[in-house]
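Below is one structure, written out as structure tokens, with a few remarks after it.
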Amino acid sequence: SRGFELQRRAGNFSKAAALERKAIRATAVEAEVEQWTADKLIDASEEFKAKALIKSREQYDEMYKRSVEDPDGFWSDIASEFHWEQKWDSSKPASSWNLDVRKGPIYVEWFKGGKTNIAYNAVDRHVKAGRGGETAILWEGNDVGRDRKLTFQQLQDEVCQVANYLRSIGVKKGDSVTIYMPMLAELPVTMLACMRIGAVHSVVFAGFSADSLAGRMMDSKPRVVLTCSAVRRGNKVIGLKEIVDKAADICSKQGFDVERVLVYDNENAISREKTPWKDGRDEWWQDRIPSFETESPVEWVDAEDPSFMLYTSGSTGKPKGVLHTTGGYMLGAATSFKYIFDYRPGDVYWCTADCGWITGHTYLTYGPLLNGASIVVFEGVPTYPDAGRCWEIVDKYQVTLFYTAPTAIRALQKSGNSFVTKYSRKSLRVLGSVGEPINPNAWRWYYEVVGDSRCPIVDTWWQTETGSILITPLPGAWPQKPGSATLPFFGVQPAVVDENGREQDGPCSGYLCMKAPPISLMRTLYGDQERYETAYFAPFKGFYFSGDGCRRDEDGYYWLTGRVDDVINVSGHRIGTAEVESALVSHSMCAEAAVVGYDHEIKGQGIYAFVTLMEGVDYSDDLRRQLVTTVRSEIGAFAAPDVIHWAPGLPKTRSGKIMRRILRKIAANQLDELGDTSTLAEPAVVDQLIELRGK
Ligand code: WT7
């Protein structure tokens, strides 16, 4: 009955509509692929393979086999390469889990009882091994010419100072800390400082609005917020401290007072005098941090103690606080980084993601630093001062491994090849893609123009929830098919299930699930175990459900075809349609809103909003602007609708359910494919909507 209850609560997940969407997308991608790869697979050069960590499919097959047949042994061997202050009890199994709601609560545990610390392993361990003089962080400012370098020793010193500060204001193991910072070197420093003392960081992307920040703060009740006065991104100045103040006011009204705010003084963007201030609560980073000791004891935490939380959008309700723990996350992050980017000492690695997203946690900060890699931390945007900035940075730091999102690739592709070919890019060895399906055309440009047909591309599929990459090429091990994330990483056991939850064999398509927990899988949703089970484990019994549709081809390669729930992926950022709808209806003149995704040339998906106004209110461009502004201020600029479509009425079933299938077709301008509209309560609204398209 527990299982039944969860199933009942599983929400508005419509399997039929989802499958239909998936099928459309899969066909489009395949048509594009066929044009280009009809007779060739893209393989790494013999030279690349000879030096690669995993040199062949056979080598992978053997390791993969062990990783799924003897996961405890496989991961225990890897775990032994890290520092454990106290080893886990090796007389017991290393892991224990239940993914089946019918068998009781969902849980996943790895190396429980072992004591370690992620920050220690990512920083101190390298210093102890005599690598303190090696470069840890190469910080590149928004404006050309502003940069800064930190060695592992310097990183350790700064992390300790911030850790000591946090302890001095009473932050203890298990306490939550909100970080709302731009891409300063101090951002990863702060994350590591939290981990050092066992505090649980919640990084909120500095593009989120005061309302969004407040929502996350109300949920996790941080002891302290760390932020920055303001930041310059491209030509814009964003007053972050002002936003934090607004968020703190919102929290105050809801009964939660932030005790302390530490503000990094970014005089490059705003002066101290102009920064809004609250005496007694706020203090300047520069006035406090340097006075602390550069040594600080490590808090040894249990492998299953929380390491961080990160909010992400679901198909319904408020954002979910995905909670990761320590041991499994550390091993997943480190191991995937090492093999997927074919890391070797001396590599300079650059991930363009912001630390505010999971990619910035796992593949900007923890994964690379756990391997002792030098990382580039970039404050700016890829198109400032011009579209050549990325390749300028690549040459400047001799970047060898580069990781970005398809949306950035498409935007740069559109700017023209001359911005790329102006720079050498000879240092590049592996190129990565993440966040959304990469269309073969963009894949090809990335491969041929950016990588000079020399660098393998790793199209990596994973999620905030999985903590690390699950489906991916290993760059020297097997040939690529542009558009496919190819095969499962070590320990990953995908299952493609049909709408009845039955696992399918061989070539097939359906819902992408996992039949065993990836080692770095989130352990719960912060404060909401029930939603954790409902959203991820109730839809298909016995499996973790990703929310994505996929196809597996005759070679066993996986093709991700996009979300099958009401989540849209805009420029690699996940947004729940319900969140945008609720932002729209918060405007006093908006009666109802329905949001769908549509194919967008650069962003992958764009946001298309159908809006019904209050009785008597007239359509106007001004109102349209107001609605967009409302979404910006409720969620953040990246969630602003691309299209507002006036809707006198919305297509609803007789029971009042909005038929999004029809709205998606209208948004895509596939008006001859509207399908059966006879079950609508008022079929005439469809004609009204078509009439108002583009108006
Ligand atoms: C969703 C997760 C974790 C990476 C950053 C986004 C989509 C991610 C791919 C890929 C096709 C991808 C999926 C997934 N996605 N990478 N290589 N190919 N789709 O993390 O915000 O948690 O979003 O992004 O739909 O479910 P996220």
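The values are calculated or read from the model by the stated rules, or taken from the named source; none is laboratory data. What you see is a predicted model, and the numbers here were worked out from it, not measured in a lab. Reconstructed Cβ throughout: ideal geometry from the backbone, glycine too, with neighbour counts over all protein chains shown.
Below are the figures for this structure:
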| quantity | calculated |
| --- | --- |
| Among the candidates P475, P482, P517, residue that is within 16 Å of the ligand (Cβ to nearest atom) and at pLDDT 95 or above | P475 |
| Near pairs, Cβ below 9 angstrom, 6+ apart or cross-chain, from the range 234-257 (among the hydroxyl-bearing types (S, T, Y)) to any residue that is buried (at least 21 other Cβ atoms within 10 Å of the Cβ) | S252/V258 |
| Contacts under 8 angstrom Cβ, first residue in the range 65-77 being part of a helix (DSSP H, G or I), partner modelled with pLDDT under 95, 6 or more apart | S76/S90 |
| Residue that is surrounded by the most Cβ atoms within 10 Å (Cβ to Cβ) [pool: residues in the range 80-91 that are at pLDDT 95 or above and touching a Lys or Arg at 6+ places or on another chain (Cβ under 9 Å)] | W88 |
| Condition broken by T275, with the remaining ones in (1) touching a Lys or Arg at 6+ places or on another chain (Cβ under 6 Å); (2) in a helix (DSSP H, G or I); (3) not aromatic (F, W, Y) satisfied | (2) |
| Given (1) in a strand (DSSP E or B); (2) surrounded by 20 or more Cβ atoms within 10 Å (Cβ to Cβ); (3) in contact with a Lys or Arg (Cβ under 8 Å, 6 or more places away or on another chain), number of the condition L150 does not satisfy | (3) |
| Positions within the range 436-467 being outside any helix (DSSP H, G or I), within 24 Å of D599 (Cβ to Cβ) and within 14 Å of the chain's Cα centre (by Cα), in sequence order | E436, P437, T460, W461, W462, Q463 |
| Subset of the range 215-258 [in contact with a Leu (Cβ under 8 Å, 6 or more places away or on another chain) and among the small types (G, A, S)] | S229, A230, A247 |
| Enumeration of residues in the range 628-680 that are in a helix (DSSP H, G or I), hydrophobic (A, V, I, L, M, F, W, C) and either touching a His at 6+ places or on another chain (Cβ under 9 Å) or in contact (Cβ under 8 Å) with a residue 24 or more places away in the chain (or both) | V631, A637, F638, A639, I662, L663, I666, A667 |
| Only one of E448, E503 that is within 23 Å of K414 (Cβ to Cβ) and away from the ligand (no atom under 15 Å from the Cβ) | E448 |
| Evaluation of M195 against (1) assigned to a helix (DSSP H, G or I); (2) over 26 Å from the mean Cα position of the chain (by Cα) (one fails), failing number | (2) |
| Enumeration of residues in the range 425-445 that are touching a residue at least 60 places away in the same chain (Cβ under 8 Å), more than 8 Å from the ligand (Cβ to nearest atom) and hydrophobic (A, V, I, L, M, F, W, C) | V430 |
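Per-residue answers, yes or no, for (1) surrounded by 24 or more Cβ atoms within 10 Å (Cβ to Cβ); (2) over 24 Å from V631 (Cβ atoms):
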site	(1), (2)
E533	no, yes
N569	no, no
C590	no, no
V595	yes, no
